[in-house]
Amino acid sequence: MGEPRGGDLSDMADSAQPRTDVLVIGGGISGIACARALTAAGVPVRVLERSGRVGGRLASPPLPRGTDDGRPVDLGAAYFTVSDDAFAEQVADWERRGLARPWTDTLQAYAADGTAEAKSGPQRWAAPGGLRSLVADLAEGLTIETRREVSAVTPGPAVDGEPACAVVLAMPDPQAARLVAAPLRAAQAVADREWEPVIAVALGYDERTWPELPAAFVNDHPVLSLVADDGSRRGDDAPVLVAHTTGDLARRHLDDPDGVIDDVVGAVGELLGLDAAPRWTHAHRWTFASPAAPHDTPADAPFHLDDDLIAVVGDGWGSPKVETAWRSGTLLGRALAARVTC
Ligand SMILES: Cc1cc2nc3c(=O)[nH]c(=O)nc-3n(C[C@H](O)[C@H](O)[C@H](O)COP(=O)(O)OP(=O)(O)OC[C@H]3O[C@@H](n4cnc5c(N)ncnc54)[C@H](O)[C@@H]3O)c2cc1C
């Protein structure tokens with residue numbers, strides 16, 4: 001493992017060697033967790049993120065003026081669960097600092113005939129500041145280049161022609177597939193993998209008139225797959241719901257996400273027996289929301305890493321959820337730190 005940059009005399013001794021960083025492409029929770037693990041091990045790392053901020057599918061983007069007056073709304077993941085011990089430590093730290101909060105272990109499940117049944121399950125966690133705030137917290141102190149869209153990863157490895165000590169693709173497989181080509185083995189790992197789309201619609205009402213949810217799975221419905229009470233999970237009781245469409249409906253509207261809004265407003269109103277229409281709505285398209293099937297990987301190595309030092313991480317490498325993405329990035333970061341000399 002290498003020393004951090006700008007270090008001591010041993011740095012000067014090998015100053016003739018080219019010094020490069022590990023380049024992590026993608027500032028979602030898997031990429032940021034990976035960069036954190038590498039940094040903790042003293043490996044120089046930079047994160048390249050195409051959008052203006054970190055978070056990825058843990059998203060609470062600013063909504064257009066006239067909608068939510070600046071209050072973030074969780075438009076990506078609805079919540080997260082915790083089973084891994086190391087992730088539990090991370091979540092305990094977030095909870096201590098008021099960044100994460102246990103939300104509920106009971107959700108409603110609506111059947112096709114409209115009847116609902118309360119179902120208990122694992123504790124669901126949420127974040128008062130929106131789930132993106134957790135990724136922003138992990139990203140503190142890391143070197144992150146935003147608005148940096150990568151076009152190609154090539155043998156070497158190199159990113160858009162820049163030599164790297166190692167490269168980590170931290171994103172859904174179809175997005176990674178655009179960046180790598182044969183003969184790279186990462187290209188084989190991410191080729192031809194199907195991911196499901198979702199359109200998330202935020203609905204802001206004048207007041208809260210719905211029954212206690214706090215969130216509902218909606219089964220066998222033509223429009224909805226899930227409805228979550230954003231005010232309940234965030235703990236501020238804002239009269240805001242977020243509905244996720246089915247994959248089929250989203251597929252038909254990938255070029256026109258706003259085209260689902262009327263159907264979603266009608267379906268949510270009918271499901272929850274609401275008389276009033278929302279005051280504002282906002283639709284967000286997730287072309288690659290979750291993998292149709294996870295990669296088959298060992299539990300202690302939920303990632304792709306080859307001798308060419310081009311790796312792939314994310315929630316495709318296990319059950320598709322936040323915890324998997326964090327674990328995938330963290331474990332790859334540690335494995336890479338044991339192999340590279342940057
Ligand atoms: C609608 C929805 C509901 C969900 N519900 C839940 C839930 O209830 N519970 C749960 O645990 N999980 C849920 N998830 C899944 C959860 O959001 C993901 O598991 C997690 O956020 C994945 O993180 P990631 O870092 O692997 O990928 P991402 O968050 O997708 O991060 C990838 C990043 O790479 C960047 N990027 C892509 N291409 C490039 C490029 N060429 N150059 C530079 N940057 C690039 C992207 O901008 C993005 O920031 C949900 C997801 C969605 C979309």
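Odds and ends about this structure:
- Counting the residues of region 137-159 that are outside any loop (DSSP other than H, G, I, E, B), closer than 23 Å to Val322 by Cα and without any contact (Cβ under 8 Å) to a residue 12 or more places away in the chain gives 0.
- Qualifying residue in region 97-107 (condition: among the small types (Gly, Ala, Ser) and under 24 Å from Ser30 (Cα atoms)): yes
- Output for region 161-179, where each listed residue is within 11 Å of the ligand (Cβ to nearest atom) and either modelled with pLDDT under 95 or buried (at least 16 other Cβ atoms within 10 Å of the Cβ) (or both): Val168, Leu169, Ala170, Met171, Pro172, Asp173, Pro174, Gln175, Ala176, Ala177, Leu179
- Condition check for Ala215: surrounded by 19 or more Cβ atoms within 10 Å (Cβ to Cβ), touching a residue at least 40 places away in the same chain (Cβ under 8 Å), closer than 18 Å to Ala116 by Cβ and not polar (S, T, N, Q): yes
- Unique match (being buried (at least 23 other Cβ atoms within 10 Å of the Cβ) and not assigned by TED's automatic domain parsing to the domain that holds Ala164) among Ala238, Ala243, Ala283: Ala243
- Of the set (1) within 15 Å of the ligand (Cβ to nearest atom); (2) within 21 Å of Ala78 (Cα to Cα), all apply to Val240 but (1).
- Leading residue by the ranking (surrounded by the fewest Cβ atoms within 10 Å (Cβ to Cβ)) among those in region 36-84 that are among the hydrophobic types (A, V, I, L, M, F, W, C) and touching a Ser or Thr at 6+ places or on another chain (Cβ under 8 Å): Ala37
- No other residue among Trp195, Trp210 is more than 14 Å from the ligand (Cβ to nearest atom) and on the phi < 0 side of the Ramachandran plot apart from Trp210.
- Flag for Glu149 being within 14 Å of the ligand (Cβ to nearest atom), buried (at least 21 other Cβ atoms within 10 Å of the Cβ), among the charged types (D, E, K, R) and not assigned by TED's automatic domain parsing to the domain that holds Ala228: no
- Residue within region 308-331 that is free of Cβ contacts under 8 Å to residues at least 24 places away in the same chain and more than 26 Å from Thr81 (Cα to Cα) present: no
- Of the residues making up region 304-342, just one is of a type in the set (S, T, N, Q) and in contact with a Phe, Trp or Tyr (Cβ under 6 Å, 6 or more places away or on another chain), namely Ser328.
The values are calculated or read from the model by the stated rules, or taken from the named source; none is laboratory data. Just so you know, these numbers come straight off a predicted model, no measurement behind them. Note that each Cβ is placed from the backbone with ideal geometry, even for glycine, and that neighbours are counted across all protein chains shown.
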